[in-house]
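Here the structure is laid out as structure tokens; the discussion comes afterwards.
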Amino acid sequence: MVDLSKYKALFLSESLEHLQSMNECFLKIEQGEVDEELISRAFRNAHSLKGMAASMGYEPIRDLAHSMEDLLDQVRQKQRKIESEILEVLFQATDRLEQMLKEVENDQEISPGWQELEEKIRQLLKKKPQLETIEPSASTSQPDQAPKTVQGYLIRALISPGADAPSIRAIVLLKRLEEVGKIIKSIPERNQIKQGEIPSTSQGYPVEIYLESSVPSDEVEKALEKVSELEKYEIQHLREIPLKEVSQETETKPAEPAPSLAPMPQTVRVSTRLLDDFINSLGEMILIRGELEQVARQHPVPALRQGLDRLERLIREFHDQVMSARLLPIEMIVQRLPRLVRDLSREEGKEVELEIKGKEIELDRALLEKLPDPLVHIIRNALSHGIETPEERIAQGKPRKGKILIQARQERDMVILEISDDGRGIDPEQIKARAQEKGLISEAQARELTEEQALNLVFLPGFSTAEKVGMVSGRGVGMDVVKNVIEGMGGAVYLASQPGKGTSIILHLPRTVAIVNVLLVRLKEQIFALPISRIIRSVEILPYQIRRSQKTDYYLEKQELIPMVYFHRLLDLSPPEELNFPVNALIAEVKKKKMALIVDELVGQEEAFIRPLGKPLEKISGLAGVTMLGDGRVVFVVDLAGLF
């Protein structure tokens, strides 16, 4: 008996990909992009999901996906039009399948209720199709008619003799090919493969497949390249596959490996835990390199220096490879947002278009995992509080349909993610009034707030402007969650708004959080590290460059007055009694404000492996983590945004 539990993670990952692909197809169809390829892709997704669930023994998932496949097949065969009623039930089915997959992931029993949805689809299937099918004429239905043929491919594949579970690998092979066509026959047959009855030879495990398909051969090859542990494969184009002869022939024809096949390019899915192990190993290597650098400075030996130079190059190459594996496009997290906007728009009675730019911009996987919840909060707020109803927009001279734009761009080592809408904007006076009602600020405090400070009240815990509680707003949670999560990632959140024109929320995110370049500075006897991405430049300030106004010292640089801030005070350390010129300072921009941070000494620049802080230090604002220097000293990594 084959143990399938170890393939659960692969099943879940690939199933979610199929669900996402179906969602994208249904959204495009709903927006009027109805074409045969979209229908066929959704059909193949449902078919593949059904087969995968069946091979894993998840019968409820199999049955619901099967009913979707049957409904889509009627549309694909032009027996039925895909109307709003059908689209709605297909959307409901994808949602239900996603819930079922989460239950499988958490080792829970699949909750009841999916049967009603399956029955709903079955009732749709029983309805008389809107399109009349063409009845075969008498001449085409005679018993002596020519055998039916289709166009496609004969694929001969050889699974590696070292494969742990060749039958499972053969099932994956069939599933991948079903994404580009329809399998007419396989040798061995699917049922035999499921039961583990797959013949072996000295060269491996041969599988032969007749595939009905009109796609180019390179598409078939791409599908095969997604299957790991294939030793070889061969693709033979067949202009005609006689269905009857294929069926008869395959019952008796022995399966033998092809004598000469092309080598198979290998691609595999890598566990995220393995990527974390890589980054930890790289961090340890960086720490060891630092220790050796310290030894080399104390004992200058040419051979040691040469070895360290080679080690430096190897670590750099390893760093680039690990970072490349960890970086993923933000498309991974924004691809589900169009469906969210569609559903929320319907509930709110609004018409909203979502546009996404810069989907190719990459972020560290660890950051991407934390971004979905903040993005959902922001989108919900834009729909609930920002975008007006169609009637309101028309009355204001705006287009009937509102717009939400998500735009990503890269600036140095930071990724800027901006979410903007063209809605009603935010009135600072309304924000102050609402904050007073909730007891978050006093009347005196409200009078002293600037417009920017008033807007930032939306980040206070418990703040909400909704009059009633709904699916998208009014629960007193949201923007404070966004702020906490983003700042916990070493990023920052900014808000800009114009009443009547719209609102923008800008997220500044580090591209990666594990291994970063830091600047080491000394305050008193202590060393601190600052991510270089936060620093614009370092300067030495001379007496003639200092101006004083309203008890504040300013650094004069090219006609610009930059306020001078003692870094010591931000960390509750006593500053020096008097300045020693030239004064070491770091020009930094925090929350859109430029400042000159005064430090005692610039120690140097290093590549640092940042370890997270444990309890209770993790709750201290302004500390991003710790790192270790080559001499063994542990230093804190400071997050400037958290100090203001």
Worksheet item: For the stretch 592-609, what does the Karplus curve 6.51 cos²θ - 1.76 cosθ + 1.60, with θ = phi - 60°, yield as ³J(HN,Hα) per residue in whole Hz, taken in order and with x for Gly and Pro?
Response: 6, 10, 8, 8, 10, 7, 7, 10, 6, 7, 8, 7, x, 10, 9, 8, 10, 9
Worksheet item: Taking every pair of alpha-carbon atoms in the chain, what share in percent sits in each 20 Å bin, from 0 to the bin with the longest distance?
Response: 14, 39, 31, 14, 2, 0
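Hey, how much of the P(r) for the stretch 477-564 falls beyond 23 Å, as a percent of Cα pairs?
On the way: 2056 of 3828 pairs.
The share of Cα pairs beyond 23 Å in the stretch 477-564 comes to 54 percent.
What is the calculated FRET efficiency for Lys370 to Lys28, with r their C-beta to C-beta distance and R₀ = 30 Å, to the nearest 0.05?
On the way: r = 29 Å, r/R0 = 0.97.
Efficiency computed from Cβ-Cβ geometry: 0.55.
Kindly work out what percent of the DSSP beta bridges joining two residues of the chain are antiparallel, to the nearest 5. Provide the component values of the computation, followed by the final result.
Details: 93 of 104 bridges.
Restricted to the chain, the bridges split so that about 90 percent are antiparallel.
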Item to complete: Rounded to whole Hz and in sequence order, give me ³J(HN,Hα) for the stretch 104-113 from the Karplus expression 6.51 cos²θ - 1.76 cosθ + 1.60, θ = phi - 60°, writing x for Gly and Pro.
Response: 5, 4, 8, 6, 9, 5, 5, 5, x, x
Worksheet item: What angle, in degrees between 0 and 90 and rounded to the nearest 10, separates the Cα long axis of helix 36-56 from the longest principal axis of the Cα atoms of the chain?
Response: 90
Response to the item:
Placing each pseudo-label 7 Å from Cα in the direction of the beta carbon, Lys593 and Leu274 end up separated by a distance in nanometres of 4.8
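Trypsin sites (Lys or Arg not before Pro) within the stretch 539-614: which are DSSP loop residues with at most 11 other Cβ atoms inside 10 Å? Don't skip to the answer; put the middle values down first.
Values: sites: Arg547, Arg548, Lys551, Lys558, Arg569, Lys591, Lys592, Lys593, Lys594; in loops: Lys551, Lys558, Lys591, Lys592.
Here the sparse-neighbourhood loop sites are Lys551, Lys558, Lys592.
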Practice prompt. Averaging sequence separations of C-alpha pairs under 8 Å and six or more residues apart, then dividing by the length of the chain, give the relative contact order as a whole percent.
Written response: 9
Discussion item. Ignoring solvent entirely, what values of log10 I(q)/I(0) come out of the Debye formula for the stretch 330-510 at 0.09, 0.14, 0.15, 0.20 Å⁻¹ when each Cα is a single scatterer?
Written reply: -0.31, -0.77, -0.89, -1.46
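Quick check: residue separation of Leu87 and Lys615 times 0.36 nm, minus the Cα distance between them. What number comes out in nm?
Values: separation 528, 0.36 × 528 = 190.08 nm, distance 4.91 nm.
My answer for the length gained is 185.2 nm.
To the nearest µm²/s, what D does Stokes-Einstein give for the stretch 348-436 at 25 °C and 0.890 mPa s, using the Kirkwood radius over alpha carbon pairs as Rh?
Result for D is 165 µm²/s.
Quote the charge dipole size of the chain about the Cα centre in Debye, to the nearest 20; the model charges only the Cβ of Lys and Arg (+1) and of Asp and Glu (-1).
Numbers: 86 positive and 103 negative charges, 206 e Å.
Roughly 980 debye, rounded to the nearest 20.
Can you work out D for the stretch 515-643 in µm² s⁻¹ from Stokes-Einstein, where Rh is the Kirkwood radius over C-alpha pairs, the temperature is 4 °C and the viscosity is 1.567 mPa s?
On the way: Rh = 15.4 Å.
It diffuses with D of about 84 µm²/s by this estimate.
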Worksheet, complete the sentence: Whole-percent tail of the Cα-Cα distance distribution for the stretch 1-94, cut at 16 Å, equals 52
Fill in: Segment Ile315-Phe581, extension gain: residue separation times 0.36 nm, minus the distance between their alpha carbons
91.9 nm
Fill in: Theoretical gain in end-to-end length, Arg122 to Glu560 [0.36 nm per residue, Cα-Cα removed]
150.5 nm
Worksheet item: Roughly how many nanometres apart are two label points built 7 Å out from the Cα toward the Cβ at Arg547 and Ile356?
Response: 4.7
Practice prompt. Quick one: angle between helix 428-437 and the longest Cα principal axis of the chain, in degrees between 0 and 90, rounded to 10, please.
Written response: 90
Practice prompt. Only Lys, Arg, Asp and Glu count, each charged at its Cβ (+1, +1, -1, -1), so figure out the dipole size of the stretch 515-643 about its Cα centre, rounded to 20 debye.
Written response: 560
Discussion item. Between helix 166-178 and the chain, what is the angle of the helix's C-alpha long axis to the longest principal axis, kept within 0 to 90° and rounded to the nearest 10?
Written reply: 90
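Quick note: the coordinates plus some simple rules give every number you see, no bench work behind them. Since the model is a prediction, treat every value here as computed from it, not as a measurement. No Cβ is skipped: glycine too gets one built from the backbone with ideal geometry, and neighbour counts run over all protein chains shown.
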